[in-house]
1. I'd like the full set of residues that are under 25 Å from residue 244 (Cβ atoms), more than 17 Å from the chain's Cα centre (by Cα) and in contact (Cβ under 8 Å) with a residue 60 or more places away in the chain, limited to the stretch 147-181.
2. Just to be sure before I move on: is residue 73 free of Cβ contacts under 8 Å to residues at least 24 places away in the same chain and not in a helix (DSSP H, G or I) in the structure I sent?
3. What about residue 237, is it small (Gly, Ala, Ser), more than 22 Å from residue 113 (Cβ to Cβ) and part of a loop (DSSP other than H, G, I, E, B)?
4. For the stretch 272-292, which residues satisfy the criterion of being surrounded by 21 or more Cβ atoms within 10 Å (Cβ to Cβ) and without any contact (Cβ under 8 Å) to a residue 60 or more places away in the chain?
5. Looking at (1) at pLDDT 90 or above; (2) within 30 Å of residue 206 (Cβ to Cβ), which is the one condition that is false for residue 141?
6. State which residue is nearest to residue 250 (Cα to Cα) when the search covers only the stretch 75-134 and only residues that are among the hydroxyl-bearing types (Ser, Thr, Tyr) and more than 23 Å from the chain's Cα centre (by Cα).
7. Only one of (1) surrounded by 11 or more Cβ atoms within 10 Å (Cβ to Cβ); (2) of a type outside the set (Ser, Thr, Tyr); (3) assigned to a loop (DSSP other than H, G, I, E, B); (4) out of contact with any Gly (no Cβ under 8 Å at 6 or more places or on another chain) fails for residue 53. Which number is that?
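The values are calculated or read from the model by the stated rules, or taken from the named source; none is laboratory data. Just so we're clear, the structure is a prediction, and the values are computed from it rather than from any experiment. For neighbour counting, all protein chains shown are included, and Cβ atoms are generated from backbone atoms with ideal geometry for every residue, glycine included.
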Amino acid sequence: MSTGKQIADAAIANSAIPAPDGTARVKQGAFKSLMYGALALAILGLVLLLGDVFNDGAGKISPELFTNQPSKIRPETSGFQSALIGTVYLMGIVAFLVVPLGVATAIYLEEYADRTKWWNRLVEVNIQNLAGVPSVVYGILGLAFIVRGPLSLGRTIVAGGITLALLVLPVVIIVAREAIRAVPPSIREGSLALGATKWQTIWKQVLPGSIAGIATGVILALSRAIGETAPLLILGAAISPRINPSLDNEVLTAMPLQIFNWTRDSEVDKFLPLAAAAILVLMVVLLMMNSLAIFLRNRYEQKW
């Protein structure tokens, strides 16, 4: 036994990673210093930017900002009610579309698709590629096929919601697939061994085990959609409309569009505080959405 232990200790000693020499330590220290310096510089820039926005917009946040309609000539009474309602409509339509489509596609690709078939591999490759396509391209697609073309929905809130749903759908599919894949195969095998069908196994075991990751992915996808401006501009969204969007009128607007309009106004000095206030409101919403995603992940994530 002692001879075997000596041989094992000698093997461990011989396979140990040698300690870095003086030159390697200097290089590692320099790299860490550059990394931490770049991180500190980025954080400092962010803090300064947020401080400037807060200094300009904090005094403008009031109930009237949420209840008044935009005005191009009276900044003291201008608000963003129509843009806020448009954002709520858009996020509702996006969630209504991407949750069932994204989860159903992820279930098919992970649980049913035969990876030896060329069409399933083609679908997977296209989903991966579509996740990296610029948002402007989705705006062009929405203008050609949704606002005009086959669907011809016009410049409506529904057309904007469908376009943004197409934008974030690949992200939801990818995240949902990762969450489903994280469920151990033994859970599926045990359920099937007890007599459950494949769909019962997915519905009762796989989806409950992956719900935390799916919910996190959906919320983060909505967080991306809520800040998109370029696709809506290409669709011909209204700038500072004085009527609220609805499902039966052609008024398409959102918070990022209103901020964009205020920052490019000819009297930008008068409207800049309103834009800063709207940025603060949008940032608070995004922070709440990301905090909810973190809470759901920590609360319902299962340790297998």
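1. 147, 154, 155, 156, 157, 158, 159, listed by residue number.
2. In short, yes.
3. yes
4. The answer is 282, and nothing else.
5. Only one criterion is unmet by residue 141, namely (2).
6. Among those residues, the one meeting the criterion is 82.
7. Just one mismatch for residue 53, condition (3).
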